[in-house]
Amino acid sequence: MSRPQDISSGSLKASGYQAVTAGSADEGRRLDQFLADRVPELSRSRVQKLLEEEKVQVNREPCSDKNYRLRAGDRVGVTLPPAEDSDLEPEAIALDIIYEDDDLVAINKPRGMVVHPAPGHSRGTLVNALLHHCPNLSGVGGIRRPGIVHRLDKNTSGLLLVAKNDFTHRALSAQLKSRQLKREYIALVAGRVKPLLGRVEAPIARHPHHRKKMAVVAGGRPAVTRYRVLKYYGRYSLIRLNLETGRTHQIRVHMSHLGYPVVGDPTYAAGGWKELPESLAAPQALHACRLQLIHPPTARVLELTAPLPPSFKKVLHHLKAISVSPEEGPSGR
């Protein structure tokens, strides 16, 4: 049997066995964190699933303990099963394509569209639409998430990257982890945000009592969000946000934690938008407006933007008469 090749950034094959050796700097690290960091295309959740399936070995012995603490010199192997045939059905759903070439496509996802199939959402998802538009997507993310480099919540609109081949998927995943792939959002939040420029560093984990929600929890996964106030609209603030990490519901959780929930957020807003007219339908006012990345095959910088959706613009138009710049607005919330 040939000696397994050490994993380096972007070298993991779609299936088969690969291995990596822990160094002195990895001493004491959790096994799942180590693999997720060293292999860009493996998310932490996928690593944990591979552990459950006994597809991970430490020093050639199967290991299913995600909490295993590494020792320098530990040889960690991972076996990716062969790709499975997908039962997902392509659907002729219109897509708002911002950019497309032979390697990737950038979609302006509408609010209300689920990204990938899940219980209760087997059809009408972005993945179903993508399979109709470009059938041969990257398989790195698994058969349920073909080509999906990152995701947006159902009620968040805006830019989402999709890889058409494994090379591009691995490269973009590496950029996401190294923060070379820059993501920018626009949000309308309840309250006059102070200070005008801020950085939120607060760990996020599953809510201890409400399992369908996330929360700021001591000992959770590190999460960092930067924001800047663009304009005040009465008792609301229009803000621009940049992600340094990409935790589930990160922006919504962080802004709610600060006391400035996203307008229309059905999970974390606690009614902060209800003085708006019912005719506006209170859409979740969170939009992924800009992406900056290094195009994998060409190494050129690619900057993509997506305009605010009509429902978001409608709310801002309603509030326009009471808008002021942050410098002009009175203090307080």
Does the stretch 97-106 contain any residue that is in contact with a helix residue (DSSP H, G or I) (Cβ under 6 Å, 6 or more places away or on another chain), surrounded by 19 or more Cβ atoms within 10 Å (Cβ to Cβ) and at pLDDT 90 or above? yes
Taking the criterion of being part of a strand (DSSP E or B) and either more than 20 Å from the chain's Cα centre (by Cα) or surrounded by fewer than 21 Cβ atoms within 10 Å (Cβ to Cβ) (or both), would at least one residue in the stretch 158-170 satisfy it? no
I'm trying to understand the selection: among the residues of the stretch 3-60, which are among the β-branched types (Val, Ile, Thr) and modelled with pLDDT of 80 or more? VAL20, THR21, VAL47, VAL56, VAL58
Selection within the stretch 115-133 - buried (at least 16 other Cβ atoms within 10 Å of the Cβ) and at pLDDT 85 or above: VAL115, THR125, LEU126, VAL127, ASN128, ALA129, LEU130, LEU131, HIS133
Within the stretch 99-130, work out how many residues are outside any loop (DSSP other than H, G, I, E, B) and farther than 17 Å from HIS150 by Cα. 1
Taking the stretch 173-198 and keeping residues within 17 Å of LEU104 (Cβ to Cβ) and in contact with a helix residue (DSSP H, G or I) (Cβ under 6 Å, 6 or more places away or on another chain) leaves LEU181
Go through the stretch 206-252 residue by residue and tally those that are out of contact with any helix residue (DSSP H, G or I) (no Cβ under 7 Å at 6 or more places or on another chain), polar (S, T, N, Q) and not in a loop (DSSP other than H, G, I, E, B). 3
Condition check: touching a Leu at 6+ places or on another chain (Cβ under 8 Å) and not assigned by TED's automatic domain parsing to the domain that holds ARG111. Does GLY234 satisfy that? yes
Boolean, LEU258 is of a type in the set (A, V, I, L, M), buried (at least 17 other Cβ atoms within 10 Å of the Cβ) and touching a helix residue (DSSP H, G or I) at 6+ places or on another chain (Cβ under 8 Å): no
Would you check which residues across the stretch 259-283 are touching a Gly at 6+ places or on another chain (Cβ under 8 Å) and at pLDDT 90 or above and list them? GLY259, TYR260, PRO261, VAL263
I'd like the residue in the stretch 284-307 that is part of a loop (DSSP other than H, G, I, E, B) and surrounded by 23 or more Cβ atoms within 10 Å (Cβ to Cβ) and, out of all such residues, is modelled with the highest pLDDT. ALA285
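The values are calculated or read from the model by the stated rules, or taken from the named source; none is laboratory data. Being a predicted model, the structure only gives us computed values, none of them experimental. All Cβ positions, glycine included, derive from the backbone under ideal geometry; neighbour counts span all protein chains shown.
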